[in-house]
2 protein chains.
Amino acid sequence: MRLRKRPWITEAIKQYAAIIPEPQREGDWQKLFDREAPLHVELGTGRGGFISELATRNPEINYIGIEANQDVLYYAAQKVAERQIANIRLLLLNVENITDIFTPGEVSRLYINFCDPWPKKRHTKRRLTNSRFLERYRSILIKGGELFFKTDNQALFEFSLTEFAGANLKLRNVTFDLHNDDFGENVITEYEAKFSAKGMKIFRCEVIFE
Amino acid sequence: MRLRKRPWITEAIKQYAAIIPEPQREGDWQKLFDREAPLHVELGTGRGGFISELATRNPEINYIGIEANQDVLYYAAQKVAERQIANIRLLLLNVENITDIFTPGEVSRLYINFCDPWPKKRHTKRRLTNSRFLERYRSILIKGGELFFKTDNQALFEFSLTEFAGANLKLRNVTFDLHNDDFGENVITEYEAKFSAKGMKIFRCEVIFE
């Protein structure tokens, strides 16, 4: 999903200022949506295919998609604008910094879909399911808040389960083969469609922060 | 691994009384070995191939193999006797009843290898990784005690991970493909050899009771 650098995007993305606000509104996110509603956040939202579909299906939820790559986020914003999806905002932000912008208990659910597996051992800490990140997630989630996690990377999933257990998190609906399991309401990401079509298995679980 | 019923075994098994003591010695297991040593217990020891190999490799550990099927246990005892393995005792017992024979903190580690997956939903409670069993294991294990779990059944492994998390247990060395992972000291069971040879993946993890 990496694009070649496109310098014109720095200008073009400004037209989507209503969809991509400045990420400096700690504790103030509901105002952006002009309504109080549960806040669900996707970490690494990419081109926004997943969050757009999700937001359309669940108009009663406020969605925020976080993405560190401006070029990718531009296309996500384009999608949200074209489809006129009112309950999505997008943030140009590194996941490292989420605790700077959300207050404790502000988020109900997190989504992580096919994040970078960082396979090298020395990069363990960069994996978005590392205990270091889990503590950040805990600090912004409500009690009973959830993390919905999908990956096609077996080693990352094995690692993640260990990290979840280490952080005293509960599991629900663990599957090692999402597309052959009886799981009703899966929203498929662009990446997932591509890899699943190649016969690769998709691992998924729901993690509960009690 | 099920055998046809062999009535002569009821008599023949008596010759192994030194290896198969009566399972009624709560808190008293170390005496059987004439020494104090960490006690490791295999639940469903079958024909005893796994525990025999393990006990030979680790002479400093006392091993107990538990098996509910007398006919199978006979062959396990035969193996232990022939190889003159001093640090194994075998018990004819249903795992349901382990809390009757062990006292709290008596066991350091449990092994469950390829237990019956009980795939039907109404049989969930019979699975040896069900929360009901996990509480029994906790009550006989030392603090920091371990459960080493292997299976070729994906649905059982998915289920088990959820149960482990639900019971606040920690995980270590989770693998979804034991034989292709870099895991040094795996002792292979008869069942495992057969199924792995067919290309089936073996799931394994270590569970810590803190």
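The values are calculated or read from the model by the stated rules, or taken from the named source; none is laboratory data. Since the structure is predicted, the reported quantities are computational estimates derived from the model, not experimental observations. All Cβ positions, even for glycine, are placed from backbone atoms using ideal geometry, and neighbour counts span all protein chains on display. For the accessible areas, the whole protein counts, side chains as well, though only heavy atoms, and no ligand, DNA or RNA atoms are used. Shrake-Rupley method; radii C 1.70, N 1.55, O 1.52, S 1.80 Å.
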Inset, instruction - Mind checking which of A:18, B:189, B:144 is farthest towards the positive end of the protein assembly as shown's charge dipole, using Cβ charges of +1 (Lys, Arg) and -1 (Asp, Glu) about the Cα centre? - result: B:189
Legend entry - Other-chain or far-sequence residues with amide H under 5 Å of residue B:64's (modelled H): B:40, B:41, B:42, B:89
Legend entry - For the range B:9-209, size of Cβ-based charge dipole, Lys and Arg +1, Asp and Glu -1, in debye: 520 debye
Inset, instruction - Hey, can you find the accessible area per residue of the range A:9-209 for me, probe 1.4 Å, expressed in square angstrom? - result: 44 Å²
Inset, instruction - Would you mind working out the magnitude of the charge dipole of the protein assembly as shown relative to its Cα centre, with +1 at each Lys and Arg C-beta and -1 at each Asp and Glu C-beta, to the nearest 20 Debye? - result: 700 debye
Inset, instruction - List the residues of the range B:154-172 whose accessible area drops by at least 30 Å² when all protein chains are present, compared with their chain alone, using a 1.4 Å probe and counting only protein heavy atoms. - result: B:154, B:158, B:161, B:162, B:165, B:168, B:170, B:171
Legend entry - Area hidden from solvent between B and A (accessible, protein heavy atoms only, 1.4 Å, total, Å²): 1500 Å²
Inset, instruction - For the range A:189-195, take each phi angle, set θ = phi - 60°, evaluate the Karplus expression 6.51 cos²θ - 1.76 cosθ + 1.60, and give the result in whole Hz per residue in order, putting x for glycine and proline. - result: 7, 4, 4, 4, 4, 5, 6
Legend entry - Alpha-carbon centroid distance for the pair the range A:111-184 / the range A:47-106, whole angstrom: 19 Å
Legend entry - Accessible carbon and sulfur surface of the range B:9-209 relative to its total accessible area, %, 1.4 Å: 48 percent
Legend entry - Size of electric dipole in the range A:1-120: Cβ of Lys, Arg +1 and of Asp, Glu -1, about Cα centre, debye, nearest 20: 520 debye
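Given only helices, namely DSSP H runs of n ≥ 4 each adding -39500 (n - 2.57), what is the per-residue ellipticity at 222 nm of chain A, to the nearest 500 deg cm²/dmol?
-8500 deg cm²/dmol
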Inset, instruction - Any chance you could count the Lys pairs in the range B:3-135 whose alpha carbons are under 27 Å apart, treating pairs 8 or more apart or on different chains as valid? - result: 7
Inset, instruction - May I have the pair-distance distribution P(r) for the range B:9-209, computed from all Cα-Cα distances with 5 Å bins from 0 and rounded to whole percent? - result: 1, 7, 16, 20, 21, 17, 11, 5, 1
Legend entry - Positive-end residue of B:207, B:91, B:108, charge dipole of chain B with Cβ unit charges: B:91
Inset, instruction - Would you please name the chymotrypsin sites (Phe, Trp or Tyr not before Pro) within the range B:8-78 that are DSSP coil residues with at most 15 other C-beta atoms within 10 Å of their C-beta? - result: B:8
